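> The structure that follows is given in the form of structure tokens.
The values are calculated or read from the model by the stated rules, or taken from the named source; none is laboratory data. Predicted model only: the values in this text are computed from it and were never measured. Positions of Cβ are backbone-derived with ideal geometry, glycine not excepted, and every protein chain shown enters the neighbour counts. The area values use the complete protein model at the heavy-atom level, side chains included, leaving out ligands, DNA and RNA. Shrake-Rupley method; radii C 1.70, N 1.55, O 1.52, S 1.80 Å.
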Amino acid sequence: MAASQQLKALLLAVNTLLRKRRYHAALAVLKGFRNGAVYGAKIRAPHALVMTFLFRSGSLREKLRAILQATYTHSWNLARFVFTYKGLCALQAHVQGQTHQAHSFLAACLGGVLVFGEKNNINSQINMYLTSRVLFALCRLGVEKGYLPEPRWDPFPWHTGVVWGIVLWLFEYHRHTLQPSLQSSMTYIYEDSNVWHDITDFLIYNKTSSSN
């Protein structure tokens, strides 16, 4: 009974602390770390599971270890970045007494270098994902601000055609320039479909044990 009362008192004290505005910036940094870790795990785990079992060779234990390692790396890096970004934004706002747009850029720039600056598969995928979104967003912002003319027709079909044309050209003639996971995916789709021996590896499997 005493333990239950102590637990209730502890929860009350914690909730009281969480509601205090004076600690909001610091607590937001901590929750950002939590959300970054959770989101990174939720995003990476299913992706790593599918890609590992589709394209990676090795024992079941090795595959599971690779999935856990990729999930941990993504989760840990994203958590550290959010912690760094929100902490630096709060620090700049505290020092200058107000927030500025430059605070976000400077905090994220430094956090990106510190956390995602190491060249590895996970960081490369994240950075390339962001690159495409940033380019789209900057084009939209340019139109909104009047720096770019409003398109008279929908550019999406032409953009799509150019992107697919370039990526297949690169795959066929300059494959080494593409990111490894993209190479694996495109090899499975476009190159492995050129090889079969009978109905087994034509329709049921991509490759049979005898063709490996």
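> Scan region 173-208 residue by residue and report those that are in a helix (DSSP H, G or I), among the charged types (D, E, K, R) and without any contact (Cβ under 8 Å) to a residue 12 or more places away in the chain.
Arg175, Glu191, Asp201
> Which numbered condition trips up Arg19, out of (1) farther than 29 Å from Val95 by Cβ; (2) modelled with pLDDT of 85 or more; (3) basic (Lys, Arg)?
In the conditions (1) farther than 29 Å from Val95 by Cβ; (2) modelled with pLDDT of 85 or more; (3) basic (Lys, Arg), Arg19 misses (1) alone.
> Kindly indicate the residue of region 76-115 that is buried (at least 19 other Cβ atoms within 10 Å of the Cβ) and aromatic (Phe, Trp, Tyr) and also farthest from Phe33 (Cα to Cα) among those meeting that condition.
It comes out as Tyr85.
> Right, Ile204: open to solvent by 100 Å² or more (accessible area, probe 1.4 Å), of a type in the set (A, V, I, L, M) and more than 18 Å from Gln125 (Cα to Cα) or not?
yes
> Then there's this: When you scan region 131-143, do you find a residue that is part of a loop (DSSP other than H, G, I, E, B), at pLDDT below 95 and not assigned by the TED database to the domain that holds His47, even just one?
No, that holds for no residue.
> Restricting attention to region 57-64, does a residue exist that is crowded, with 16+ Cβ neighbours inside 10 Å, part of a helix (DSSP H, G or I), modelled with pLDDT under 95 and outside the structural domain of Ser185 (by the TED database)?
Yes, region 57-64 has at least one match.
> For the structure I just gave you, tell me whether Asn206 is touching an Asp or Glu at 6+ places or on another chain (Cβ under 7 Å), outside the structural domain of Asn77 (by the TED database) and at pLDDT below 95.
Taking the combined requirement at face value, the residue satisfies it.
> Which residues, taken from region 154-188, are surrounded by 13 or more Cβ atoms within 10 Å (Cβ to Cβ) and of a type outside the set (Gly, Ala, Ser)?
Val167, Leu170, Phe171, Arg175, Leu178, Leu182, Gln183, Met186, Thr187, Tyr188
> Restricting the first residue to region 129-144 and requiring it to be of a type in the set (A, V, I, L, M), which pairs with a second residue that is loosely packed, with under 11 Cβ neighbours inside 10 Å meet a Cβ separation below 6 Å and a spacing of at least six or different chains?
Val143/Glu150
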